Amino acid sequence: MIRIEEIVEKVSRHHPQADLDLLRRAYFFSAREHKGQTRASGEPYLVHPLEVANILAEMRLDEVSVATGLLHDVVEDTLVDLETIRQYFGDEIAHLVNGLTKLAHISNQSKEEQQAENVRKMLLAMVDDVRVVLVKLADRLHNMRTLSHLRPDQRRRIAQETLDIFAPIAHRLGMGRLRSELEDLCFQHLHPEDYRELAAQLERRRPEHEAFLHSVTARIEEKMHEAEVPIIRVEGRVKRLYSIWKKMRRQKIELDQVYDLVAARVITPSEVRHCYGALGVVHNIWRPVPGRIKDWIATPRDNLYQSLHTSIIGAEGQPFEVQIRTEEMHHIAEEGVAAHWKYKEGKRGARDDDEAFQWLRSLVEWSQEVKDSRDFLESLKLDLYPKDVYAFTPMGKVIQLPRGATPVDFAYTIHSEVGSTCTGARIGGRIVPLRTAIQNGDVVEILTSPNAHPSRDWLNFVVTTRARNRVRHWVAEQQRAESIEIGRKLFEKEAARFQLSPKKLLSDSNGDFKRIANEYGYGRVDDLLAAIGYGKTVPRTVIAKYLGPDKFAELDQKKESRLRSGMREGVQAVKRLIRLGDDSIVVRGVDDLLVARARCCNPVRGEEIVGYVTRGKGVAVHAERCKNVQQLMVNPERIVSVEWAGRTDESSYAVKLLAITENRTGMIAGITGAISDMKTGIRDARATVAPDNRGRIEVTVEVFDVKHLDRVIRSIRNVPGVIDVERVHGVA
Ligand code: MN
């Protein structure tokens, strides 16, 4: 077992200022908590966190990362909770350990193989500190190194997951060395026979490869020296097993035909011009294969890999590859984002910090405005996919959504039918409001009912285009149906005034009416009725068109005289109101209209009211005092008269009142007492003190009508200490 002091020594070598005591404390804590636990190999569990910490120390990470490596499994696998970690080790380490604990749940969650890309993105989206990913990768590397102790099916599952999820993340973060080791380990467990065979073939050729690389590197060193191009060293390398195997499969070739099996790598001092100088020297020794020079220095790869690659024809006619890069490029190619720590400490100036920042920024696709690069380096916050959020179905399928998406968006993403019959949602097993914003890693279950339908309110919170369009479409259809209904009622009312039979007028066989609809530019009678319902067309002018000017004038005359002679038209309406209706109000002369009290003024029985035909939402009833009424008068044809229906029930109205009081105790008790003395219900009461040191008490009372309300207001005014009482308009 590796000793903690070896790890401490490694960390202190690269971070002289590091808090080494932190490492020792983390070690003792982890040793105590994992005591008695063993790994599949039979070794003490502690071996695992120690090895993970060692991998992190070798990446030259800071002591916080290494300590997190020691502690990464304690919350997941022992009785220790996060609070304890926080108490002992502070917020930063608690934050990192918490990130790792969350990730542990994710990778177990996904059951669908095709989802690898989304799982990768989700993993990264859940991480706000790059060190969490680095510890996770180190954890996975050690687990892969010790995989042979597990059952074959477990081995395959973990190796496949590593290949699908973690090796690509390592690649994305530019960590070439770690990625290579992970991939070769995966290969070994996923295709053991191919692995053994290929390894044996390469082993047989090893003397040959070594001799070849030795002669090549010696030749390069000699020529560089002659040409006075400074280099640090020349390395020979054999291509990794997994890459060879992939190439052989992809191109359907034998090992002999893999031309870049061996390669030489020239490491130069830090200036880029030395790389190009070295390239010239290499091309002087051997003839380059045309079109095979790749300049990854001028245009670095996405993960910031930089190098010159060239293929040349060797002495015996076989091609091989030479890579040329500076020491720093080499370090980045091997360690990727972990190389950042090399730049984080030490005596580097602001400009260098800027460069390191640039580098990290492009690495993580940083897409938000960053005002201060120092802040960024300080916090090391990642936001790799700031626009997305990833959640699971109960079956483990990953659903990608925009940030802020709700269960309704989730439901429509699964299927439009699921969306339109959605009645509720559970997140992590708990019922949540449909407007809840989904978080990364949430397991979302949609509850549906065959009779359910979308709600207009959803438009207030859905964020996906798909959900928005579907709900809008439904609302529009719904509005149209309602508008036709309203239009029909308004038309029938007007027709009755002219003593015409609306049934006959509107019957399908009446071609005249169809013609009138066409004159208005509508294809169907229903469209004309909808227009009346929307308030775009007035029934009277439709009737005028139908009757022709002479007949219309005649009947209009008759109608007027009938009215004058006191024959009141429009008997008191029966109130059967369509959905959502408020049956305490009737529209004069019309029944069956959808009526709703306006939310802006919340009229109470007994107040003067006016009705306004809305677009597809029936008649909105406002109090005359409402300041919106003035504006509505711009469309007088849409105003209808409404009145309070006879008291048929005990319906009450919630009204919010605001009392301004002296700041003294007992005010709320005094006010609520006065209200209940009036036998009036109280729905809500709350008190605050305003900056002017006056008390503000808001109470919501239930009143039957406006007179009742006046009495309640008067009784509150009479409570000692009350300065003023007013009604708060709008819905209580
Ligand atoms: Mn672990």
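The values are calculated or read from the model by the stated rules, or taken from the named source; none is laboratory data. This one's a predicted model, so the numbers in the text were calculated from it and none came from an experiment. Every residue, glycine as well, gets a Cβ built from its backbone with ideal geometry; the counts of neighbours run over all protein chains shown. Please note that ligands, DNA and RNA were not included when accessible areas were found on the heavy atoms of the full protein model with its side chains. Shrake-Rupley method; radii C 1.70, N 1.55, O 1.52, S 1.80 Å.
The table that follows gives values for the structure above.
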{"item": "Residue in segment 287-302 that is in a loop (DSSP other than H, G, I, E, B), surrounded by fewer than 17 Cβ atoms within 10 Å (Cβ to Cβ) and over 46 Å from the mean Cα position of the chain (by Cα) present", "result": "yes"}
{"item": "Qualifying residues in segment 651-673 (those that are open to solvent by less than 20 Å² (accessible area, probe 1.4 Å) and aliphatic (A, V, I, L, M)) - the one farthest from Ala687 (Cα to Cα)", "result": "Ala654"}
{"item": "Flag if Thr436 is modelled with pLDDT of 90 or more, surrounded by fewer than 20 Cβ atoms within 10 Å (Cβ to Cβ) and part of a loop (DSSP other than H, G, I, E, B)", "result": "yes"}
{"item": "Among residues of segment 530-543, those that are under 11 Å from Leu505 (Cβ atoms) and open to solvent by less than 10 Å² (accessible area, probe 1.4 Å), counted", "result": "2"}
{"item": "Yes/no for Gly317 being among the small types (Gly, Ala, Ser), modelled with pLDDT of 65 or more and open to solvent by 10 Å² or more (accessible area, probe 1.4 Å)", "result": "yes"}
{"item": "Tabulated pairs, segment 501-521, first within 15 Å of Leu547 (Cα to Cα), second open to solvent by 80 Å² or more (accessible area, probe 1.4 Å) and part of a loop (DSSP other than H, G, I, E, B), C-beta under 9 angstrom, 6+ apart or interchain", "result": "Lys514/Asp508; Lys514/Arg524; Ala517/Arg524"}
{"item": "Residue that is nearest to Leu100 (Cα to Cα) [pool: residues in segment 33-52 that are within 12 Å of the ligand (Cβ to nearest atom) and in contact (Cβ under 8 Å) with a residue 60 or more places away in the chain]", "result": "Val52"}
{"item": "Residues satisfying the stated conditions in segment 29-69, i.e. within 30 Å of Gly336 (Cβ to Cβ), charged (D, E, K, R) and in a helix (DSSP H, G or I)", "result": "Glu51, Glu58, Glu63"}
{"item": "Considering residues of segment 127-186 that are among the hydroxyl-bearing types (Ser, Thr, Tyr) and more than 16 Å from the ligand (Cβ to nearest atom) only, the residue nearest to Asp302 (Cα to Cα)", "result": "Ser180"}
{"item": "Residue in segment 86-94 that is closer than 30 Å to His331 by Cβ, outside any helix (DSSP H, G or I), within 16 Å of the ligand (Cβ to nearest atom) and modelled with pLDDT under 95 present", "result": "no"}
{"item": "Near pairs, Cβ below 7 angstrom, 6+ apart or cross-chain, from segment 59-73 (in contact (Cβ under 8 Å) with a residue 24 or more places away in the chain and more than 16 Å from the ligand (Cβ to nearest atom)) to any residue that is assigned to a loop (DSSP other than H, G, I, E, B) and open to solvent by 10 Å² or more (accessible area, probe 1.4 Å)", "result": "Asp62/Ala18; Glu63/Ala18; Glu63/Asp19"}
{"item": "Residues located in segment 206-252, provided they are of a type in the set (Val, Ile, Thr) and either loosely packed, with under 13 Cβ neighbours inside 10 Å or under 30 Å from Leu190 (Cβ atoms) (or both)", "result": "Val238, Ile244"}
{"item": "Close pairs from segment 285-300: first farther than 14 Å from Val322 by Cα, partner basic (Lys, Arg), Cβ under 8 Å, at least 6 apart", "result": "Ile297/Arg325"}
